[in-house]
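Reading through the structure tokens given below for one structure.
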Amino acid sequence: MNKVGFISLGCPKNLVDSEVMMGQLKQKGYQITADADEADTVVVNTCGFIGSAKKESIEAILEAARLKTDGRAKRLIVAGCLVERYRDELKAVMPEVDAFIGTSQINDILSVCDPKTNTRSLPVIPLGNQSATYLYDESTPRILATPSHYAFIKIAEGCDRPCAFCFIPQMRGHFRSRRFGSIVAEAHQLAEEGVKELILVAQDSSRYGEDLGKQDALAHLLRQLAQTDDIEWVRVMYTYPTHISDAFLDVLADEPKAVKYLDIPLQHASQNVLRLMKRGGNRASLERLIERVRHRVPNIAVRTTFITGFPGETEEDFQELRAFVKNVEFDRVGVFTYSDEDGTPAFELPNKIDPKIASHRRDQLMKEQAKISRRKNKGRIGEIVRVIFEGESNESELLWQGRMETQAPDIDGCVLINDAPANFIPQLGQLVSVLITGAHQYDLIARIL
């Protein structure tokens, strides 16, 4: 039996694509292995978003090529965003790769993994702004690569935003939503498989349903999914600041299973930089937005990301961003230095910032956030909270870990569990009550009650 090994890089949206490709292959009789060394065919699903992600993808392809040269692998397939972005260049410099498939060619995974297929003759479909149509649905086979208690559901694909730093519209095509009923049906299937937490993802989740002519579609979808039997939590990632409706916030406030958590990448707070980024808004408008969010949804955790070193960012702009972070006191913050990406509008901008200055600004911003996070965490000592139990800690085999509803997997901190009743029988995905007994910068310490 032909064994296929997957290396999936980048964001959760890309992971869903890998899960769908694995599902299709398994349905056709292929054996999926987590160990690429054992594979007859290796598939590398790449990311092409920023410089560091591209570097990681290239290194993974080269490592997989060595498996083909030195190991048992007979075939190497490269998929994903890097293919969309550099398909001709990759074909020219990587003859060891047997096939390249783009983000709208997920269904071609069966033919490119078939030993009878002459893969080098397969075309890569050009991805014009409106040409991409691919969407998976509830009938698409899928193998979850996440821990068994949570799963991502991709509710839309592509993006129409004009953000100057971003190449995603060219890699993923125009924005298109999945059908409401398809998402609800998939949620029920995942619940039957034992999933406890649904995480809704898209390039722009807050626009879900707009292209279908539906108003407040994300709010309606979230409310419906929150009624799913055996699902404990439903989380939304990747929202956009201009599309946070009161109807959506009301669902977060009203529905116990809709977690009180808002992931809203703001990128900056200076009007000058936001204008250059083609995002609009200013510090005052963003502060009003966060105030409205917190007023309508008490105890909500707000997560955001920022970019430092964007072309034209002055020291005054950065200090405004720094003051904004200190004033708003976000619960979770990620900061990235600007990556100068060929083919984006920002690539053509003047007044590029020295990468050392960009890195220094990122470090300063993260220091501000670390102080905020530590103070907020210390304030939780003595609280009793519910966490989703996740088993052995990544930190130490002597600890367990869990997550509060205000912590998303992989990107946020966690609750480290160092004590439990003698009769406690751990069960992955179980909701348990814990007492917070200690606090770190990003993680909390607790014991199970």
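Anything in the stretch 143-162 that is surrounded by 22 or more Cβ atoms within 10 Å (Cβ to Cβ) and out of contact with any Leu (no Cβ under 6 Å at 6 or more places or on another chain)? List them, or say none.
Tyr150, Phe152, Lys154, Ala156, Gly158, Cys159
Out of (1) under 16 Å from Cys11 (Cβ atoms); (2) out of contact with any helix residue (DSSP H, G or I) (no Cβ under 8 Å at 6 or more places or on another chain); (3) acidic (Asp, Glu), the odd one out for Glu157 is which?
Status for Glu157: all satisfied but (2).
Pairs needed: first member in the stretch 361-376, within 10 Å of Glu329 (Cβ to Cβ); second member anywhere, among the hydroxyl-bearing types (Ser, Thr, Tyr); C-beta distance under 9 Å; at least 6 residues apart or different chains.
Correct list of pairs: Ser373/Tyr442.
Considering only the stretch 3-23, state which residues are touching a helix residue (DSSP H, G or I) at 6+ places or on another chain (Cβ under 7 Å) and outside any helix (DSSP H, G or I).
Lys3, Val4, Gly5, Phe6, Ile7, Ser8, Leu9, Gly10
Can you tell me which residue in the stretch 161-195 is modelled with the lowest pLDDT, limited to those that are in contact with a Gly (Cβ under 9 Å, 6 or more places away or on another chain) and basic (Lys, Arg)? Write out each step before concluding.
Initially, the stretch 161-195 is screened for residues in contact with a Gly (Cβ under 9 Å, 6 or more places away or on another chain), giving 167-177, 180, 194-195.
Still in the running and basic (Lys, Arg): 172, 176.
Details: Arg172: 89, Arg176: 96.
Of everything passing the filter in the stretch 161-195, Arg172 is modelled with the lowest pLDDT.
Among the listed residues Gly23, Gly29, identify the single one that is in the same structural domain as Ile106 (by TED's automatic domain parsing), surrounded by fewer than 22 Cβ atoms within 10 Å (Cβ to Cβ), farther than 23 Å from Lys68 by Cα and not aromatic (Phe, Trp, Tyr). Write out each step before concluding.
Numbers: Gly29 fails: farther than 23 Å from Lys68 by Cα.
Just one listed residue meets the conditions, Gly23.
Kindly indicate which of Arg362, Arg374 is outside any strand (DSSP E or B) and either at positive phi or loosely packed, with under 15 Cβ neighbours inside 10 Å (or both). Outline the logic, then answer.
Values: Arg362 fails: either at positive phi or loosely packed, with under 15 Cβ neighbours inside 10 Å (or both).
Checking each option against the conditions leaves just Arg374.
Every residue in the stretch 242-269 that is in contact with a strand residue (DSSP E or B) (Cβ under 9 Å, 6 or more places away or on another chain) and part of a helix (DSSP H, G or I), please.
Initial filter on the stretch 242-269 (in contact with a strand residue (DSSP E or B) (Cβ under 9 Å, 6 or more places away or on another chain)): 244, 248-249, 251-252, 255, 257-269.
Selection gives Phe248, Leu249, Val251, Leu252.
Residue under question is Leu212, and the condition is that it be surrounded by fewer than 18 Cβ atoms within 10 Å (Cβ to Cβ), in contact with a strand residue (DSSP E or B) (Cβ under 7 Å, 6 or more places away or on another chain) and on the phi < 0 side of the Ramachandran plot; does it hold? Spell out the reasoning first.
Values: surrounded by fewer than 18 Cβ atoms within 10 Å (Cβ to Cβ): yes; in contact with a strand residue (DSSP E or B) (Cβ under 7 Å, 6 or more places away or on another chain): yes; on the phi < 0 side of the Ramachandran plot: yes.
Here the answer is yes, as Leu212 does meet what is asked.
So which residues in the stretch 392-418 are at pLDDT 95 or above and either in a strand (DSSP E or B) or among the aromatic types (Phe, Trp, Tyr) (or both), if there are any at all?
Within the stretch 392-418, Trp400, Gln401, Gly402, Arg403, Val415, Leu416, Ile417, Asn418 qualify.
Looking at Leu190 and the list (1) surrounded by fewer than 19 Cβ atoms within 10 Å (Cβ to Cβ); (2) in a helix (DSSP H, G or I), which single condition is not satisfied?
All conditions are met except number (1).
Being touching a residue at least 60 places away in the same chain (Cβ under 8 Å) and either in a helix (DSSP H, G or I) or surrounded by 15 or more Cβ atoms within 10 Å (Cβ to Cβ) (or both) narrows it down to one of Phe347, Phe336, so name that one. Break it down stepwise before answering.
Details: Phe347 fails: touching a residue at least 60 places away in the same chain (Cβ under 8 Å).
Just a single option satisfies the conditions, and that option is Phe336.
Can you tell me which residue is surrounded by the fewest Cβ atoms within 10 Å (Cβ to Cβ) among those in the stretch 66-87 that are over 25 Å from the mean Cα position of the chain (by Cα) and closer than 18 Å to Asn118 by Cα? Let's see the steps before the verdict.
So the first thing to find is which residues in the stretch 66-87 are over 25 Å from the mean Cα position of the chain (by Cα), and the list is 66-76.
Now drop any that are not closer than 18 Å to Asn118 by Cα, which leaves 68, 73-76.
Working: Lys68: 18, Ala73: 22, Lys74: 13, Arg75: 21, Leu76: 22.
Among those residues, the one meeting the criterion is Lys74.
Of the residues Asn272, Asn299, only one is polar (S, T, N, Q), in a loop (DSSP other than H, G, I, E, B) and modelled with pLDDT of 95 or more; which? So that I can check it myself, show each step before the final result.
Numbers: Asn272 fails: in a loop (DSSP other than H, G, I, E, B).
Selected residue: Asn299, the only one of Asn272, Asn299 that is polar (S, T, N, Q), in a loop (DSSP other than H, G, I, E, B) and modelled with pLDDT of 95 or more.
The values are calculated or read from the model by the stated rules, or taken from the named source; none is laboratory data. Treat the numbers as computed from the prediction; the structure is a model and nothing was measured. Please note: Cβ atoms are built from the backbone with ideal geometry, for glycine as well, and neighbour counts cover all protein chains shown.
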